[in-house]
Amino acid sequence: MTLSFQFGTVGSPIGTPKKPGGSVGAIEFSKSIGLTAFELGWVQSVRVSEETCALIKQAGIEQGVSLSVHASYFFNLNATDEEWPKSRKRLMDAAHYGNLAGATDIIFHPGSYFGNPPAEVLKIAIPRLKGCVDELRKAKNPVNLRPETMGKSAMLGSTEDTLEMSKAIKGVLPCIDFAHLHARPGDGTMNTVKEWTKILEAYQAALGKEALKNLHIHLSGIEYGPKGEKKHLALGESDLKLNFLFEVLRDFGCAGRILGESPIMEEDTLNMKKAWMKTSGEKE
């Protein structure tokens with residue numbers, strides 16, 4: 001029996017050896033410790049050759065590790081008209097090289113409201129994002145683009161925002177960062193069975209029950225203040241109630257990938273995997 005979720009880290013695990021090193025080494029090391037997903041952290045820029053992408057893809061296939069990409073932090077669907085072409089290129093580069101590297105999903109931070117109402121911002125964001133998907137499909141690139149739920153209330157990326165984008169565009173699906181959703185209100189809410197249930201009900205209502213079988217989740221502990229996220233923490237240092245979240249994921253029959261973003265990367269990701277097995281009753 002395989003687990004409903006594949007687990008992995010965002011960026012190379014701490015224990016990745018120097019040789020072969022890089023993403024190939026990270027994939028091999030991940031598999032050796034029992035992780036079967038890996039997210040390439042291309043968060044500054046995409047500095048990778050087509051040859052390297054081919055090696056990464058081969059390693060993913062050989063090890064049975066599912067790959068995704070975290071695109072540049074310097075991307076904003078709500079950029080000014082002058083800035084948008086540069087911003088857009090950052091996402092498209094991640095999607096182009098990510099596909100060559102065998103990644104199925106490209107994760108990105110959607111941007112900022114700049115003080116404008118979410119509904120107004122989405123009128124700009126959705127057509128821009130659709131243009132990106134249309135261009136990828138013309139190029140026969142099948143990757144999913146996944147806007148991430150964000151941890152600060154000033155950022156484009158509430159649950160509602162990501163579901164609106166996903167509903168409007170085929171080939172767009174959320175990346176749900178549950179730590180960010182816990183931090184976003186800034187008051188310690190979004191941490192109960194009832195609150196997580198509401199999120200998954202909204203997800204199912206927007207995208208259908210089948211979509212719950214293809215979740216892409218980011219998870220860690222988190223520190224927050226009144227304006228939301230401050231920084232990621234180890235699970236043990238955070239007030240995030242992982243057991244409640246996992247009970248709800250189990251009860252909704254969810255599946256997909258869970259990528260750890262804790263400072264103690266693979267250690268906490270393996271803790272998550274153990275916690276999931278305990279809650280779900282699943283065995284490897």
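Extending 7 Å from Cα along the Cβ direction at residue 120 and again at residue 61 yields two label points whose distance is 5.0 nm.
Of all DSSP bridge pairs formed entirely within the chain, close to 20 percent run antiparallel. With Cα atoms defining each centre, segment 146-225 and segment 67-110 are spaced 19 Å apart in the structure.
Here the sum of -39500 (n - 2.57) over DSSP H runs of 4 or more residues, divided by the residues of the chain, equals -13500 deg cm²/dmol at 222 nm, to the nearest 500. Sequence-distant contacts, meaning Cα pairs under 8 Å at least 6 residues apart, place the relative contact order of segment 5-279 at 17 percent.
Considering only 267, 28, 237, the Gaussian network model of the chain with Cα springs below 10 Å gives its largest mean-square fluctuation to 237. Only residues of segment 105-142 count here: report those whose backbone N is under 18 Å from the spot 7 Å along Cα→Cβ of residue 206, or say none. Counting only backbone N, you get 106-113, 117-131, 133.
Evaluate E = 1/(1 + (r/R0)^6) for residue 140 and residue 284, where r is the Cβ-Cβ distance and R0 equals 35 Å; express this FRET efficiency to the nearest 0.05. Could you put the intermediate results ahead of the total?
Numbers: r = 35 Å, r/R0 = 1.00.
The pair residue 140/residue 284 has a calculated efficiency of 0.50.
Stretched out straight at 0.36 nm per residue, the stretch from residue 239 to residue 80 would grow longer than its current Cα-Cα span by 53.5 nm.
Highest mobility in the GNM of the chain, judged by mean-square fluctuation with C-alpha springs under 10 Å and restricted to 25, 11, 115, is found for 115. Computed from label points 7 Å out along Cα-Cβ, the spacing between residue 14 and residue 52 is 2.5 nm.
Can you tell me the relative contact order of segment 1-124? Whole percent, Cα pairs under 8 Å, sequence separation 6 or more. Could the numbers behind the result be given before it?
Details: 202 pairs, mean separation 29.1, N = 124.
Once normalised by length, the contact order is 23 percent.
Only Lys, Arg, Asp and Glu carry charge here, each on its Cβ (+1 for the first two, -1 for the last two); on that basis the chain has a dipole of about 440 debye about its Cα centre. Residues considered: 269, 16, 149. Largest GNM mean-square fluctuation over the chain, using C-alpha springs under 10 Å, is found at 16.
The numbers here are math on the coordinates, done by the rules we state, and not lab data. Just so it is clear, the structure is predicted and the values come from calculations on it, not from any experiment. Using ideal geometry, Cβ is built from the backbone for each residue, glycine included, and neighbour counts are taken over all protein chains shown.
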